[in-house]
Protein chains: 2
Amino acid sequence: METRLEKARKDPESMKARILAAARRIFGEYGFHGATTRMIAQDVGIDISTLHYHWGEKKDLYESVILDINKDLGQSLIDVENMIHGRPLAERMAIAIDVMTDYLFAHPEVSNLILLRYFGKTRHESGLDFKVPEFTSDIARSMGLAKDTKLVSPLAMMEVLTVMNAIHNFISGENFFRPMTGLERGDYIRTAKETLKFILIPAFVQRDRMHAQD
Amino acid sequence: METRLEKARKDPESMKARILAAARRIFGEYGFHGATTRMIAQDVGIDISTLHYHWGEKKDLYESVILDINKDLGQSLIDVENMIHGRPLAERMAIAIDVMTDYLFAHPEVSNLILLRYFGKTRHESGLDFKVPEFTSDIARSMGLAKDTKLVSPLAMMEVLTVMNAIHNFISGENFFRPMTGLERGDYIRTAKETLKFILIPAFVQRDRMHAQD
DNA sequence: CGCCTCCCCCATCATATGATGGAATCATCG
DNA sequence: CGATGATTCCATCATATGATGGGGGAGGCG
């Protein structure tokens, strides 16, 4: 059976899809409790009852947004994986950082929603989870931190989380950080990439070289 | 004139202080919109009207919490600065990471509130800001990334933000990340420190050595 | 004691917000 | 066209939440 979410993703012009897109943005900016169905409806230019007609209650819409984000992020990770396959570690990481950063800056609500979910509770438990563990394991394998996605050590997971979160932080914190730096958006993005590559790559490359010596 | 906040900080047993402490926790967990005055009052074991009696409207209480957090964080940074003064860079960073991580794990609402403020909007503008720019500049100077706190380059600021945020992320994301790893709390904290030191230090040390060669 | 001030709670209000029912509109198809 | 179903909006409800007024009590002080 086709879910509402699948239907919405097929036709981006449909009302379902337009509501979903607006919900991604608004939930991403204000979080679950900070966003109101009225804000989302107004953003689309429709009545709230239309929103309820298509997506049911607020929590259902929110969970659909999370699923949607998950799909997009998972696809991006696959794309990156294919792009960097077979290259040396430093190059793999540099490309991954560049590509993921570009993707996320183009879809900042992805980073926003992920981080807000990490760091903020919601009054009612959602039961629904990000696929963070799977994604993290995949990246760990891709970075050569684990042989098998089933056997990723806690240390490796936390290393991956550090890298991914460092990227998300710059995207999601743009509204706060960019005014601090006084940079234009383009410069901010360039500097973010530069900073991320400068800080994140050397440690892994160094360890990689040491292991190669054995 | 003594502010309500100053009064509350003097006597931690006072009702004012107890409410403030609860507010730090609840706002930290749920964010501004996710937290309700009733939740905070219930946490203290008092009526909401008592809360309003001491702190006025919700937004005022929230801003007091932010000011309170700022003072605590600023003091911690000063403590760390004194502790690491004069040592070589790698050592300075390792100690700073250890000490700040311990402090923040003991007061996770500090990280929570900071990150939620970075990444989530609130419906009404607060006008009140974290002292993030000043703190960031101080750390930049302390890390040798700038001669003067008045002249910190955007690049240096973003490097500092990367480091600070990496720490906050592990504290604030514990509820999400620790179950992923299956670690006990103590092991989680240890692994977080290890990971942070492993990733964050080498890049700066490498660059420091290169500059020393000049 | 009588009065005052400070502090706290009960009852209540006002508004924001999630949600729904039913009418109106539009498209599709026989 | 006329029937049918899908979609949208208007009016309205129910609840959660922020906020307030007034009363009561504890303690200090004449």
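Just so it is clear, none of the values below were taken in a lab; they were calculated from the coordinates. Predicted model only: the values in this text are computed from it and were never measured. Cβ: placed from backbone, ideal geometry, glycine included. Neighbour counts: every protein chain shown.
The requirement of being of a type in the set (K, R), within 25 Å of A:D187 (Cβ to Cβ), at the interface with chain A (Cβ under 9 Å from one of its Cβ atoms) and touching a residue at least 12 places away in the same chain (Cβ under 8 Å) is fulfilled nowhere in the stretch B:122-142; no residue meets it. Among the residues of the stretch A:171-193, those that are part of a helix (DSSP H, G or I) and at the interface with another protein chain (Cβ under 7 Å from one of its Cβ atoms) comprise A:S172, A:F176, A:F177, A:M180, A:T181, A:T191, A:A192. Is it fair to say A:H107 is closer than 23 Å to A:I26 by Cβ and more than 14 Å from chain B (Cβ to nearest Cβ)? In short, yes.
Within the set A:F176, A:F135, the sole residue that is under 19 Å from A:E29 (Cα atoms) and among the aromatic types (F, W, Y) turns out to be A:F176. When the helices (runs of 4 or more DSSP H) confined to the stretch A:36-138 are screened for residues that are surrounded by 18 or more Cβ atoms within 10 Å (Cβ to Cβ), acidic (D, E) and touching a helix residue (DSSP H, G or I) at 6+ places or on another chain (Cβ under 8 Å), those reaching at least 1 such residues are found at A:58-84, A:108-119. Annotation: B:L116 fulfils all but one of (1) within 11 Å of chain A (Cβ to nearest Cβ); (2) under 10 Å from the mean Cα position of the chain (by Cα); (3) of a type outside the set (S, T, N, Q); the unmet one is (2). Candidates are the residues of the stretch A:40-60 that are within 12 Å of DNA strand C (Cβ to nearest atom), away from every other protein chain (no Cβ under 14 Å) and in contact (Cβ under 8 Å) with a residue 24 or more places away in the chain; the one that is farthest from B:R123 (Cα to Cα) is A:H54.
The residues in the stretch B:194-214 that are of a type in the set (D, E) and at the interface with another protein chain (Cβ under 9 Å from one of its Cβ atoms) can be counted, and the count is 1. Is it true that some residue in the stretch A:156-167 is facing another protein chain (nearest Cβ under 7 Å) and farther than 26 Å from B:R25 by Cα? Yes: one or more hits. With respect to (1) under 27 Å from A:E29 (Cα atoms); (2) buried (at least 19 other Cβ atoms within 10 Å of the Cβ), the lone exception for A:D187 is condition (2).
Of the listed requirements (1) within 15 Å of the chain's Cα centre (by Cα); (2) closer than 30 Å to B:D60 by Cα; (3) of a type outside the set (V, I, T), B:D98 misses just one: (2).
Comparison of A:E63, A:E29 shows that the only residue that is among the charged types (D, E, K, R), in contact (Cβ under 8 Å) with a residue 24 or more places away in the chain and within 13 Å of DNA strand C (Cβ to nearest atom) is A:E63.
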